[in-house]
Amino acid sequence: MTVLGIMAGSSMDGLDLAKVKFLLNEEGDALADWSLEQTQIIDYDEHVRNAISRSQVSEAQDLLTLNVDFARWSAEKLRPFTDGVDLVGFHGHTVYHYPKRGFSFQLGHGAVLAESLQRSVVVDFRVNDIAVGRAGAPMVSISEKYLWPGYDAYLNLGGICNISYFDQGALLGSYDIGPCNQLLNHIAGLESKPYDDGGQMGAEGIIRSDLLKAWYSNRYFERGEAEKSLDNSWIRDQIIPVLNDFNAYDTADKMRTAQQFVTDIIHQSCADIKGKLKKDNLRLLISGGGVHNSFLLSLIRSSLFLEVHTPSDQIIDFKEAVMIAHAACLRYWELPNFLPRDAKPPVSGGAIYLSKFW
């Protein structure tokens, strides 16, 4: 089965696309092999980016309209990539993610996508996991286990940084650590830059301890793992506004302090995990767009004292899109795409919209 996986990341820059071929084993109960056939980034048009940035404060009718419009725009951009595709997995931009209230909402109307693309489409991956009492995030753990085996822990440096860790193949924990590229890109935007290329802006700054302390004081960092699940609004509403109290500092100092903040919270998470696994030589795979920030990556490496690995550039950039393709494939095959955790069973998450009926 060939699956087109699409991920709209938290950085609001566009859609990441991965065309992946999956092979089921003879028994029909597990994945036998997979290969990555094609990747692509589809940048948002300016009006789409603006609409998404306002989505969380939209009136209900406007949000429902945007849900349809975003699906139509996405389908138009995705149509050239659907040759030979059997199934589409679509994870649109997350507008709301409140697992304690029982819901998570991503843009992209499944029925509109299926009709426009003339392909069956899987959307709304997270809600089944939330329904059994978990957080619906991070989603990537099952793909890490089966597509990139051989590591004790997996760190993703996306708009939000998250981590999963395993012991003898069993998932022990998976949670959102805190801010990463979303915060760094905002600070780069203060100098009209989309991002800090290679981390060089921050490399020229100094750490401001009072700003660092202000970020540390957020009560999110006191929570237990099971309660650590974030949506895009948390960084926008609770982390970025802290900068307003430190306007006197140079942008380079703000960036360097943010880099240190990201490094420190990752260090603390990895130290906790190392203690739980009781392993001296813990193998960590780091992926996500933040890996391209060479200065940030050097800070993380030097702080961890672990065996740190990074995958190919293609996986660094498109891991989440591959994960969505994998999750869609498993859902279509009626196999779990969320691993058992926190004494809760595995679940198969996602709503399937069929393009045709028999």
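Only a single item in (1) within 18 Å of R223 (Cβ to Cβ); (2) surrounded by fewer than 14 Cβ atoms within 10 Å (Cβ to Cβ); (3) not polar (S, T, N, Q) is not met by P241, and it is number (1). Checked against the criteria, L107 counts as of a type outside the set (S, T, N, Q) and under 23 Å from W234 (Cβ atoms).
Per this entry, Y44 is counted among residues that are without any contact (Cβ under 8 Å) to a residue 60 or more places away in the chain and either aromatic (F, W, Y) or touching a Phe, Trp or Tyr at 6+ places or on another chain (Cβ under 7 Å) (or both). Restricting the first member to region 167-185 and to residues that are among the aliphatic types (A, V, I, L, M), and the second to residues that are part of a strand (DSSP E or B), the beta-carbon pairs closer than 7 Å and six or more apart or on different chains are L171/S164; L171/R341; L172/Y165; L172/F166; I177/C161; I177/N162; I177/I163.
Selection over region 298-329 of residues that are in contact (Cβ under 8 Å) with a residue 24 or more places away in the chain, surrounded by fewer than 24 Cβ atoms within 10 Å (Cβ to Cβ) and in contact with a strand residue (DSSP E or B) (Cβ under 9 Å, 6 or more places away or on another chain) gives a count of 11. Out of region 84-116, which residues are closer than 22 Å to I52 by Cα and over 17 Å from the mean Cα position of the chain (by Cα)? Selection gives V88, F103, H109, G110, A111, V112, L113, A114, S116.
If only residues of region 48-83 that are of a type in the set (G, A, S) and within 20 Å of the chain's Cα centre (by Cα) are counted, the one that is farthest from A114 (Cα to Cα) is S53. When you check I130 against the structure, is it within 27 Å of V291 (Cα to Cα), assigned to a helix (DSSP H, G or I), of a type in the set (V, I, T) and in contact (Cβ under 8 Å) with a residue 12 or more places away in the chain, yes or no? So I130 fails the test. Within region 167-186, does at least one residue satisfy the condition of being closer than 30 Å to V85 by Cα and of a type in the set (S, T, Y)? No: zero hits. Among residues of region 1-17 being modelled with pLDDT under 90 and of a type in the set (S, T, N, Q), the one that is surrounded by the most Cβ atoms within 10 Å (Cβ to Cβ) is S10. Among the residues making up region 213-242, those that are over 24 Å from the mean Cα position of the chain (by Cα) and assigned to a helix (DSSP H, G or I) are K213, A214. Can you name the residue in region 133-163 that is part of a strand (DSSP E or B) and of a type outside the set (A, V, I, L, M) and, of all such residues, is surrounded by the most Cβ atoms within 10 Å (Cβ to Cβ)? Within region 133-163, the match that is surrounded by the most Cβ atoms within 10 Å (Cβ to Cβ) is N156.
The values are calculated or read from the model by the stated rules, or taken from the named source; none is laboratory data. Model, not experiment: these values are computed from the prediction. Every residue, glycine as well, gets a Cβ built from its backbone with ideal geometry; the counts of neighbours run over all protein chains shown.
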